[in-house]
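The values are calculated or read from the model by the stated rules, or taken from the named source; none is laboratory data. Since this is a predicted model, take the numbers as computed values, not measurements. Here the Cβ is made from the backbone with ideal geometry for all residues, glycine too, and neighbour counts use every protein chain on show.
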Amino acid sequence: MTAEELKAKRLALGFLSRNALAKVLGVSKYAVEHWEYGRRAIPGWVPRFLQCLETLAGSPRIKTQLE
């Protein structure tokens, strides 16, 4: 996953701020910022976790809990 793909995925999932995504991932907002600016490599677990969120967000039951 590239920095641009991470940002696009964050926005597509409805996380308008880096801080919101950071809270869900359990990392600092600075970690997300470094990944999105390409300063640090995105750990391999992040794309897999985001894929899980994307799958769950499509579930009506989970979607109401996320809102």
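If the condition is being at pLDDT 95 or above and among the charged types (D, E, K, R), then segment 19-46 contributes K29, E33, E36, R39, R40. In the set (1) touching a helix residue (DSSP H, G or I) at 6+ places or on another chain (Cβ under 7 Å); (2) of a type outside the set (F, W, Y); (3) assigned to a helix (DSSP H, G or I), the condition left unmet by I42 is number (3).
Within segment 21-35, residues that are part of a helix (DSSP H, G or I) sit with their Cβ atoms under 7 Å from residues that are charged (D, E, K, R), at 6+ positions apart or across chains, in these pairs: L21/R10; A22/K29; K29/R18; V32/R18; E33/R18; H34/R40.
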